[in-house]
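Working notes, structure below.
Read-outs: derived from the displayed coordinates by stated rules, not from any lab. A quick note: this is a predicted structure, and the numbers were derived from the prediction, not measured. Quick reminder, even Gly has a Cβ in these numbers, built from the backbone with ideal geometry, and neighbours come from all protein chains shown.
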Amino acid sequence: MKKISLVIPSYNEELNVTRFFEETEKAFSDSKYNIEYVFVNDGSKDGTLNSLKKLYNEKNANFRIVSFSRNFGKEAAIYAGLSNATGEYTAVIDADLQQRPEVVLQMAQILDSKPELDCVAAFQEQRKESKLLVWFKNRFYSLINRMTSVPFVSGASDFRLFRENVREAILSVGEYHRFSKGIFSWVGFETEFIPYEVMERESGSSKWSFIKLFKYAIEGITAFTTKPLHLATVLGSLCICGGSIYYIVALILALCGNGWCAMGLIAASIFFVGGMIMLCMGILGEYLSKIYMQAKNRPIYLAKHVLVKDKTDTDLK
Ligand code: UDP
Ligand code: MG
């Protein structure tokens, strides 16, 4: 029997983790796969850890429960989950049942039938989000695809199933600022994309506000391309050209007796150039902060508890 490790990042999902377990058991009950639940409690403030301990104590299943010392974010939770997974196949799936476990079964069957494939990834054909958010997400994908050589498939998240070779490759990318969508793509391997429908959240609320998504988008761009750094050169050149024209216009105005008008133009150009300089410094800062954090070489996550239970032998680490 093939073992599928399900890596489930969970942050404030006290009701969802139990439902997730039940739904997954149902979906895989008649299948030929053995499931290993790798739950990562990402410093939840609600009863997620208690719900997970209850599952661990009461259910006869393979469990690896990693509980963080605080909230480190979904990316760190995915990394921790992958580090603890032991299955031949590994899937990354959300705890809120927006991504159905039945799709993982479908992915596993595809991997079984196609030995040349290393990964099956799911993408949303139809986004069930506000039109404005969909518009911003589409712009993000077209921008990042233009800026990087790594392909980003619009609508494809980290919901995917892959073989051990892909898991090892992802883990070998040890960067502190992780952008899984990009890492999955960067490591390469043969990937098939299948469409899936995103369900409504079972309970609780999304942890992604617009600001958080915006920061995440910046994180993605800076992690996979240095092109914004070259923007400073382009903007600098544009400013020099624009500034020269301004200077000539201001000079003509001043000679014609329109001194105040010339002053106004010069003041506007100072604001413009100042803004450009600040923008370029901001871009430099984005990269510098990443170098700074990486240079500290801090761990991607810290675990407070790790519980391990295999169906055959039960032990507590
Ligand atoms: N999540 C996490 N750490 C966080 C935020 C989210 O582990 O800091 C988990 C969350 O519990 C869920 C998954 O990541 O299982 C996706 O989060 P969410 O449902 O909030 O995102 P959305 O579906 O709205 O994009
Ligand atoms: Mg969700």
Check: If we scan the range 259-268, do we find a residue that is surrounded by 14 or more Cβ atoms within 10 Å (Cβ to Cβ) and closer than 22 Å to residue 146 by Cα?
Finding: no
Next item on the list: Return the residue satisfying two criteria in turn: it lies in the range 195-209 and is over 22 Å from residue 107 (Cα atoms) and touching a helix residue (DSSP H, G or I) at 6+ places or on another chain (Cβ under 7 Å), and of such residues it is farthest from ligand 2 (Cβ to nearest atom).
Entry: 203
Notebook entry, point to check: In the set 30, 118, 96, 46, which member is within 16 Å of ligand 2 (Cβ to nearest atom) and either over 18 Å from the mean Cα position of the chain (by Cα) or free of Cβ contacts under 8 Å to residues at least 60 places away in the same chain (or both)?
Noted result: 46
Item checked: Candidate set: the range 201-252, residues that are of a type outside the set (A, V, I, L, M), within 16 Å of ligand 1 (Cβ to nearest atom) and not in a loop (DSSP other than H, G, I, E, B); chosen: the one surrounded by the most Cβ atoms within 10 Å (Cβ to Cβ) -> 220
Next item on the list: Could you name every one of the helices (runs of 4 or more DSSP H) located completely within the range 31-142 that has at least 2 residues being surrounded by fewer than 17 Cβ atoms within 10 Å (Cβ to Cβ) and not β-branched (Val, Ile, Thr)?
Entry: 48-58, 101-113
Note to self: Residue pairs, Cβ under 6 Å, 6 or more apart or interchain, first in the range 222-251 and more than 19 Å from residue 144 (Cα to Cα), second of a type in the set (A, V, I, L, M, F, W, C) and outside any loop (DSSP other than H, G, I, E, B). List them.
What the structure shows: 235/276; 239/273; 239/276; 246/265; 250/262; 250/265; 250/266
Next item on the list: Within the range 17-25, identify whether any single residue is assigned to a loop (DSSP other than H, G, I, E, B), more than 16 Å from residue 92 (Cα to Cα), touching a residue at least 40 places away in the same chain (Cβ under 8 Å) and more than 10 Å from ligand 1 (Cβ to nearest atom), and answer yes or no.
Entry: no
Margin query: Condition (residue is touching a residue at least 40 places away in the same chain (Cβ under 8 Å), surrounded by 12 or more Cβ atoms within 10 Å (Cβ to Cβ) and in a loop (DSSP other than H, G, I, E, B)) applied to the range 271-289: is it met by at least one residue?
Written below: no
Checklist line | Top-ranked residue in the range 144-180 [being part of a helix (DSSP H, G or I) and in contact with a helix residue (DSSP H, G or I) (Cβ under 7 Å, 6 or more places away or on another chain); ranked as farthest from residue 219 (Cα to Cα)] | finding: 167
